[in-house]
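What follows is a short report on a single structure.
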Amino acid sequence: MAKFRIVGQIIDNKNDRRVSGLRVEAWDKDLMRNDFLDTTTTDGKGKFNIEFDDTDFQDIFLDREPDIFFKVFQDSKLIASTEDSILWNVKNRDTQMTINITQLSPGFNLAEAKAMLGICSELNGQLQPTPPNTVPPLPPVPLPSNWQKIYRSNESILDNVWELWKNTEVTGQYALAFRGTVTTKPSIVEDILAVMIPAKGSIDLKIGDFSYQLAEDARAGVHVGFTLGLATLILDVIDKINDYAAKGATQFFITGHSQGAALATLCRSLLQYTKRVKVKDLTYKTYIFAQPKPGNDYYGYDFDAIASNQGMAFRVTNSCDWVPQVPFTIQLLKDPSAPNPLTELKEKLENLTDDFEQLKQLKDKIEEKLEKLPKYKLKDKILPTLNYTGCGIPITLLGTPGDNPQNPDDFFWQHHTAMYYKLLCETFPDS
């Protein structure tokens, strides 16, 4: 009978602290069924000791050398797993190892924000200064060295793309990143379909009905274009979350820039309510940059209740960037919560202004466009509101007004990821 002994230590990467009181389970990875080996608890110095023999893992294939991975629990919650970095064919009877963990903590973290912006820049094709040879130059956005891209989706029917990234230094930590607008007709149409549909319902897609819930409140409305964009990606996103959660993923950043920021926001909402994600105790933290407004105030309230109130969702905005100021917000007398004294003024004001007629004409024009997308059957779902708002804890970067000194026609000068990185560095200088 061969005996094995593993002496390990658990270290929190954020502060290099040895973590005590965590339950550690050792498992042997098998093709058909994983074998439980032993469990223990870390001591005051974050150390643990696990012992087992070959009878604990030998099966019908008569394994002689175990393939070991670990699960780490805080109380009953799984906070780390090494199933995606298995110790294959362990020969040494005495093995020493260190498990590095970083639990996603509430609050804005500059290093996290820079890492997510770097991923967004790579995904948007903007890692280099944008545009090049400007005076003064914009700094290139560095791609974080400890993050590795492990999956890129195909382009959807609306030319949306998302990527999955892995933190190579933190066990079980991943990032979902959504691409911003590209210069194709479907991508631009997604932006300009700026009417709202209910935040809970279904959309008749070509491949079948897409049922979704993005908020609890029946009054919540969301941007129809961004919702369609998410609908074309989300089943793939959830499949990958389930795949990697089964391999030990416990933490997911959700990020995006521009149109990608809107999709990332809606994605965070959907993950709150969907029953398709098999693991229920995953941790999500959202960093969104240059977010166009994704829904109305009731949707915003819901998003803040599920994510912002916990300090786990941040909306980073350049004060000189026009994209976060759209879609235009038009608040009508019926938009505020009832009861209120304003509703009594509605009839009188309608007689004094033609604003309501102009809004009706705008709504009719948008509905004409939607009729050209018959497979989505959206016309009867349109909400009579344009009361758009941003979502997430605001992180404001005070930009310097002005245009691109080399190209006055660059309408996105203040919107580039490189500008956001420059302002992040200036607003939060490293100390």
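The values are calculated or read from the model by the stated rules, or taken from the named source; none is laboratory data. Just so it is clear, the structure is predicted and the values come from calculations on it, not from any experiment. Using ideal geometry, Cβ is built from the backbone for each residue, glycine included, and neighbour counts are taken over all protein chains shown.
Miscellaneous remarks
- Segment 157-180 - residue that is within 18 Å of the chain's Cα centre (by Cα) and assigned to a loop (DSSP other than H, G, I, E, B) and, of those, farthest from D297 (Cα to Cα): V170
- Residues being touching a residue at least 24 places away in the same chain (Cβ under 8 Å), polar (S, T, N, Q) and under 21 Å from P429 (Cβ atoms) - total across segment 102-126: 1
- Test result for D217, in a loop (DSSP other than H, G, I, E, B) and in contact (Cβ under 8 Å) with a residue 24 or more places away in the chain: yes
- Of the residues contained in segment 224-237, none is found to be over 13 Å from W162 (Cα atoms) and either part of a loop (DSSP other than H, G, I, E, B) or of a type in the set (D, E, K, R) (or both).
This table checks each residue for (1) under 20 Å from the mean Cα position of the chain (by Cα); (2) crowded, with 20+ Cβ neighbours inside 10 Å.
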residue	(1), (2)
V182	yes, no
S187	yes, yes
I192	no, no
L205	no, no
G229	yes, yes
L235	yes, no
Y244	yes, yes
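- The lone exception for V189 - which of (1) out of contact with any Lys or Arg (no Cβ under 8 Å at 6 or more places or on another chain); (2) under 19 Å from T274 (Cα atoms) it fails: (2)
- Some residue of segment 132-155 being within 16 Å of the chain's Cα centre (by Cα), assigned to a loop (DSSP other than H, G, I, E, B) and polar (S, T, N, Q): yes
- In segment 19-31, the residues that are within 16 Å of E51 (Cβ to Cβ) and at pLDDT below 90 never reach a residue that is surrounded by 19 or more Cβ atoms within 10 Å (Cβ to Cβ) and among the polar types (S, T, N, Q) with C-beta atoms less than 8 angstrom apart, at least six apart or across chains.
- Candidates are the residues of segment 159-180 that are surrounded by fewer than 23 Cβ atoms within 10 Å (Cβ to Cβ) and charged (D, E, K, R); the one that is modelled with the lowest pLDDT is E169.
- Taking residues in segment 302-327 that are free of Cβ contacts under 8 Å to residues at least 40 places away in the same chain and more than 11 Å from A290 (Cβ to Cβ), and partners anywhere that are among the basic types (K, R) and buried (at least 21 other Cβ atoms within 10 Å of the Cβ), the pairs with Cβ atoms closer than 9 Å and at least 6 places apart or on different chains are I306/R268.
- The set of residues in segment 90-111 being of a type outside the set (V, I, T) and assigned to a loop (DSSP other than H, G, I, E, B) consists of K91, N92, R93, Q103, L104, S105, P106, G107, F108, N109.
- Counting only residues that are at pLDDT below 85 and in contact with a strand residue (DSSP E or B) (Cβ under 9 Å, 6 or more places away or on another chain), segment 46-65 holds 7 of them.
- Selection status of D304, more than 17 Å from A220 (Cα to Cα), of a type in the set (D, E), out of contact with any Asp or Glu (no Cβ under 8 Å at 6 or more places or on another chain) and modelled with pLDDT of 95 or more: no
- Tally, over segment 182-209, of residues that are outside any helix (DSSP H, G or I) and within 24 Å of D297 (Cα to Cα): 11
- Looking only at segment 121-147, residues that are at pLDDT 75 or above, among the hydrophobic types (A, V, I, L, M, F, W, C) and in contact with a Ser or Thr (Cβ under 6 Å, 6 or more places away or on another chain) come to 1 in all.
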